[in-house]
Amino acid sequence: MPGRYRRGRARSLRRLALAAITRERRRIGVDPPSRFPFDRNSARMSRVLTAVVALSLGALVLPDLAVAQQQRPQQQQQQQQSQGRQQDDGWSIRRLRLPGQVNAGPCPYVKILYDAARYVELTGQAASANVGYTGEIEGLASDCRYREDDPITVDMNILFRLGKGPQAGADQRTYRYWIAVTERNNAILDKQYFDFAVDFAGTDRAEHTEEIRGLTIPRAGQEVSGSNFEILIGFDVTPEMAEFNRSGSRFRIQAGQ
């Protein structure tokens, strides 16, 4: 469609140019080319008229080029945003968009606690042959809502990737994790535990998404915003597992590899 528009515009400009040359020749008393013999004066006049028309055409075309150059970065930005949306749509965890009203302030900070971000069962030394069941909190999406002096309501989607190593037994396994609400960088206000069951169905890996709806945080007054609170998430790990996580040692989620 844009190419057809440009070709049509070019033809219109050529017709305007020919009409302008014809009017100018008639004004100075020169007949159209088919009705008068060639001479240097008429050729010189034709060149002058052609130059004038070319300048006019340039004045018409240059704004179009400038607009096209301005539109090109916008088109590239739109293409990048479209690619970003396609990448977002490729995640297994669904992004949250709570139905709409403007909050009284920002939402609480929602984080995965590093020491409890992974669950790795080991029988003996840290070696791939000694790995049992594993898990990792792989993704997190959250949103909140509150107005005036209402409590803060938080919804979350949490993506878990689970593994089954050489020392794991059955295909079924129940994992436990916790969610804690804290006064930001301060004391824990509340902590709750949650369980979910996984069936590996003969494979060594699985994926699970937990949907948390309606987690409520009371507020002392309208002046208390969500930024005063922090929500932490982690596996229910032993002290040895927490130390293993802090050390930075890693096994792949398909723990036998």
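The values are calculated or read from the model by the stated rules, or taken from the named source; none is laboratory data. These numbers come from a predicted model, not from an experiment. As a convention, Cβ positions derive from the backbone with ideal geometry for all residues, glycine included, and neighbour counts pool all protein chains shown. When the accessible area is computed, the model is the full protein with side chains, heavy atoms only, and any ligands, DNA or RNA have been set aside. Shrake-Rupley method; radii C 1.70, N 1.55, O 1.52, S 1.80 Å.
Before moving on, here are some points about what is shown:
- When the residues of segment 183-201 are filtered to those that are assigned to a loop (DSSP other than H, G, I, E, B) and open to solvent by less than 80 Å² (accessible area, probe 1.4 Å), the one that is farthest from THR134 (Cα to Cα) is ALA187.
- Count - residues of segment 238-252 that are surrounded by fewer than 17 Cβ atoms within 10 Å (Cβ to Cβ) and within 32 Å of the chain's Cα centre (by Cα): 6
- From the list GLY169, GLY234, GLY248, the lone residue that is at pLDDT 95 or above and of a type outside the set (Phe, Trp, Tyr) is GLY234.
- Scanning segment 111-150 for residues that are open to solvent by 60 Å² or more (accessible area, probe 1.4 Å), touching a residue at least 60 places away in the same chain (Cβ under 8 Å), in contact with a strand residue (DSSP E or B) (Cβ under 8 Å, 6 or more places away or on another chain) and in a loop (DSSP other than H, G, I, E, B) returns a single hit, LEU113.
- Hey, ARG161 assigned to a strand (DSSP E or B), over 20 Å from ASP236 (Cα atoms) and either among the hydroxyl-bearing types (Ser, Thr, Tyr) or out of contact with any Phe, Trp or Tyr (no Cβ under 9 Å at 6 or more places or on another chain) (or both) or not: no
- Hits in segment 202-215 (condition: part of a strand (DSSP E or B) and of a type in the set (Asp, Glu)): GLU207, GLU210, GLU211
- For segment 121-154, a residue qualifies if it is under 18 Å from PHE194 (Cα atoms) and among the aliphatic types (A, V, I, L, M), and the qualifying residues are ILE137, LEU140, ALA141, VAL154.
- Applying the criterion of being in a helix (DSSP H, G or I) and surrounded by 13 or more Cβ atoms within 10 Å (Cβ to Cβ) to the residues of segment 216-237, the residue that is farthest from the chain's Cα centre (by Cα) is ASN228.
- Residue check, ARG118 within 22 Å of GLU230 (Cβ to Cβ), at pLDDT below 80 and basic (Lys, Arg): no
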